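The values are calculated or read from the model by the stated rules, or taken from the named source; none is laboratory data. Quantities reported herein were computed from a predicted structural model and do not represent experimental measurements. As a convention, Cβ positions derive from the backbone with ideal geometry for all residues, glycine included, and neighbour counts pool all protein chains shown. Each accessible area value is taken on the protein alone, full model and side chains, heavy atoms only, with ligands, DNA and RNA left out. Shrake-Rupley method; radii C 1.70, N 1.55, O 1.52, S 1.80 Å.
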Amino acid sequence: MIRLWPVIHVRDVATTVQNARVAQACGAWGVFLIHMAGDDALLDPMAQKVREACSGLLVGLNYLSLDAETALGRALAQGHDATWTDRPGVHSNGVEPGALAMSQQLQTHPDHTLFALVAFKYQPFEPDPGDAAATAWSLGFVPTTSGIA
C-alpha cells in the first residue's frame, strides 16, 4: 500500500486547507505542514483547521525551529499523527543519544510516525546512505531522503 504524504507550505488558513483537500481528494494518506520561515507557532492551530476540514486525513508537522527531540515531544503532546525532523541524529557512523530517546518515546506512541531525514540535501555528506536508512528503520523511524540534491 502506498502512503503518500504531500508537504504543504503554510501561508494562510484558506490556502492550507484548500491544499489539504486537494491532497485528500487525490488519495493522500496524510499531509505534512511546514512554515519555511520557521514560524512554528502557526503550525499547531493550522493542523487543527486541516483536521476539521479533512476528516480522516493524517496530519504531520515539520517544526523547523525545534531540535528533533523537542519537535517530537511537541507533536506528541499536541496529538499530531506524525513528525518530520531534518536532523534525527542517525548516521552510518552511529546514533546520537537524542535518537535513542526518540525511539523510546515512539514505543509508547505506536500510532505516531517519525519521518527521519538521512542522507538529505543540505546535511553533511553521508558516506553510507543505506546503512543510515537501515539504522533509522531499526529505531522505528521512517528513513526519508532526497539524496545529495
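Things worth noting here:
- Probing with 1.4 Å while keeping every protein chain in the model, the per residue accessible area of the chain equals 54 Å².
- Taking a sphere under 14 Å around the Cβ of Thr144 and counting the other residues whose Cβ falls inside, with K and R at +1 and D and E at -1, yields a net charge of +1.
- Residue (of Ala132, Gln107, Ala37) at the positive-pole extreme of the chain, dipole from beta-carbon charges: Ala37
- Expressed as a whole percent, the accessible area of the chain that falls on carbon and sulfur atoms is 56 (1.4 Å probe).
- Structure-derived volume of the Cα convex hull per residue in Å³ - corresponding label in (1) 101; (2) 113; (3) 127: (2)
- Angle between the chain longest axis and helix 43-53 axis [Cα atoms, degrees, rounded to 10]: 50 degrees
- Net charge of the neighbourhood of Leu64, taken over other residues with C-beta under 10 Å away and scored Lys/Arg +1, Asp/Glu -1, is -3.
- Residues in region 48-84 that a label on Glu96 would reach, taking backbone N under 11 Å of a point 7 Å out along Cα→Cβ: 67-70
- Annotation: amide H of Val142 within the under-5 Å range of Leu114, Phe115, Ala116, sequence separation 5 or more or interchain, hydrogens built in the peptide plane.
- Between the helical axis of 129-138 and the longest alpha-carbon principal axis of the chain there is an angle of about 70 degrees.
- Table column - 3J(HN,Hα) (Hz), region 76-85, Karplus curve with 6.51, -1.76, 1.60, x for Gly and Pro: 5, 5, 7, x, 6, 7, 7, 10, 10, 10
- DSSP loop trypsin sites (Lys or Arg not before Pro) with at most 14 other Cβ within 10 Å: longest gap in the chain: 12-120
- Given the chain, longest segment not containing exposed loop chymotrypsin sites (Phe, Trp or Tyr not before Pro) (DSSP; at most 16 other Cβ within 10 Å): 1-121
- Working note: Karplus 6.51/-1.76/1.60 with θ = phi - 60° gives region 123-128 the couplings 9, x, 3, 9, x, 9 Hz, where Gly and Pro are set to x.
- Residue among His109, His80, His35 with the largest mean-square fluctuation in a Gaussian network model of the chain, springs linking Cα atoms under 10 Å: His109
- Tilt relative to the chain, helix 13-25 - C-alpha long axis, 0 to 90 degrees, to 10: 80 degrees
- The local environment of Gly79, defined by Cβ-Cβ distances under 15 Å, has a net charge of -1 under the rule Lys, Arg +1 and Asp, Glu -1.
- DSSP-defined beta bridges in the chain - what % are antiparallel, rounded to 5: 10 percent
- In Hz, Karplus ³J(HN,Hα) per residue of region 116-121 (6.51, -1.76, 1.60; θ = phi - 60°; x = Gly, Pro): 10, 6, 9, 6, 9, 3
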